[in-house]
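Novice: One structure, as structure tokens, below. Some questions next.
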Amino acid sequence: MRAECAGTMDATALQINFSSGLSSTRPSNGIPNRTLCHALLMPGMGERYAAVPVLSRDHAKSQEEKTANRIHTMNYRKLGKTGLDVSEVGFGAWGIGKGMWVGAEDDESVKALHRAFDLGLNFVDTALRYGDGHSERLVGKAVKERSETIYVATKVPPKNLQWPAQPGVPAEKAFPAEHVIACTEESLQNLGLDAIQVQQFHVWSDDWVDQGDWLDAIQKLKKEGKIRSFGVSINDYQPENAIKLVQTGLVDTVQVIYNIFEQPPEDQLFLACQKHNVGVIVRVALDEGGLSGKITPETKFEEGDFRNRYFRGNRKREVYERVQKIAADLDIGLDQMAETALRYVLSHNAVSTVIPGMRSIRNVEQNCALGDGRGLPEKVVKQLKAHRWARNFYQ
Ligand SMILES: NC(=O)c1ccc[n+]([C@@H]2O[C@H](COP(=O)([O-])OP(=O)(O)OC[C@H]3O[C@@H](n4cnc5c(N)ncnc54)[C@H](OP(=O)(O)O)[C@@H]3O)[C@@H](O)[C@H]2O)c1
């Protein structure tokens, strides 16, 4: 049974409306936000989803009960000019590729994908480079086993394998047309799909707007129906380095790092995306796990896991201390940090979807449960502005 509800960004105002479905809502920043919220009631369940204040201790308990009772909601937002209604929580599929993340089990990864689809998630972000196609193959397998429409976004790696894109390197070195086409064909093979919904460049430099023949390749692939839309994944911590591209109208989506620590996308990029109707896919909302509240100075990552480098030296302690300050400031437990971090991102209207990296059913259930269209109360969002933190752990 599928019931539809009107969701708003205001924590106090969730209303369920079984007849109307769509509603135009006006969040705290005054920008109308048209959302569609599906409350999935499991067979035999008579109750409907009960609105509770976001982030109270009672709320945490209610989230657990909601998961245990298999009652779920998922809110959908427009992905910019693609016109797609994507689930506000999407699936980050880097970790399941097993390339730089150690510990995923394929069985569990596929189950996690299926559980996410059960819970209304309809957007998955993968890449040709994630485990050399392994992530794409798992995603394709799971998607093909479903009758629902699931939108898959993948990425073309730069031919010169330079992450991030370096200044002064011409577009021809990173994304020559024949490379873009060959990689797209390879991704289609891995996915086993006829078309890629969002094909993205895995790095970007705004110097490339007028360079090279990458645009010819994108237009050809679109014309042939092999890709439906085009986006770029913006270099780590360089949100301004795609604004020129956004302004050209050539791009349908951008993917960017945005989280409680990394707030600069709010300064200019999001405004440009809103103005030019470009979809925003948020990555690393949990700071590679730092904002999950689970990383302590004693945390050990498996050998070969890239987080040994990301959290090297004193970084785990630095993150842990900052996360504790956030929890103290909001008077929440560390076990509410992942929810807070994801809701923070979803509180911004420019954001179309957030794609937490997920490898387990547990994380899928927790994360999908908060794609309920409510974000955080405005007061909490304001409090979190003070926790902005400029640094680059990828270096
Ligand atoms: N350049 C690029 O284009 C680029 C770069 C990075 C990422 N991405 C994309 O963005 C996605 C997200 O980034 P990410 O995976 O690197 O980082 P992330 O989403 O910030 O963090 C992933 C980590 O958060 C943990 N986690 C997820 N949900 C949780 C929950 N409810 N409670 C506690 N911990 C939770 C995961 O746990 P487990 O360890 O248990 O799985 C994993 O360790 C990627 O999967 C990928 O699709 C793109």
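Novice: List, largest first, the extents of the alpha carbons of the stretch 76-385 along their principal axes, each in whole Å.
Specialist: For the stretch 76-385, the Cα extents along the three principal axes come out at 53, 41, 37 Å.
Novice: In the structure displayed, which of LYS159/LYS275; LYS220/LYS275; LYS78/LYS275; LYS155/LYS382; LYS111/LYS144 lie more than 23 Å apart, Cα to Cα?
Specialist: Cα-Cα > 23 Å for LYS159/LYS275; LYS220/LYS275; LYS155/LYS382; rest within.
Novice: With +1 on the Cβ of every Lys and Arg and -1 on the Cβ of every Asp and Glu, and nothing else charged, how large is the dipole of the stretch 188-279 about its Cα centre, in debye rounded to the nearest 20?
Specialist: 460 debye
Novice: Could you tell me which of GLY131, LEU84, GLN162 has its Cα farthest along the dipole of the stretch 76-385 towards the positive end, charges placed at Cβ (Lys, Arg +1; Asp, Glu -1), taken about the Cα centre?
Specialist: LEU84
Novice: Using the number of other C-beta atoms within 10 angstrom as an exposure proxy, rank PHE306, PHE270 with the fewest first.
Specialist: Placing the least packed residue first, the sequence is PHE306, PHE270.
Novice: Report the full-extension gain for the segment MET100 to LYS385: residue separation times 0.36 nm, less the Cα-Cα distance, to one decimal in nm.
Specialist: Between MET100 and LYS385, full extension yields 99.5 nm more.
Novice: About its Cα centre, what dipole magnitude does the stretch 76-385 give when the only charges are +1 on Lys and Arg Cβ and -1 on Asp and Glu Cβ, stated in debye to the nearest 20?
Specialist: The calculation lands at about 260 debye.
Novice: So what's the gap between the Cα centers of the stretch 172-250 and the stretch 295-357, to the nearest angstrom?
Specialist: So the separation of the two Cα centres works out to 30 Å.
Where a number appears in this text, it was derived from the coordinates with a stated rule and is not lab data. Every value quoted in this text rests on a predicted model; they were computed, and no experiment measured them. A quick note on method: Cβ atoms are made from the backbone with ideal geometry, for glycine too, and the neighbour counts reach across all protein chains shown.
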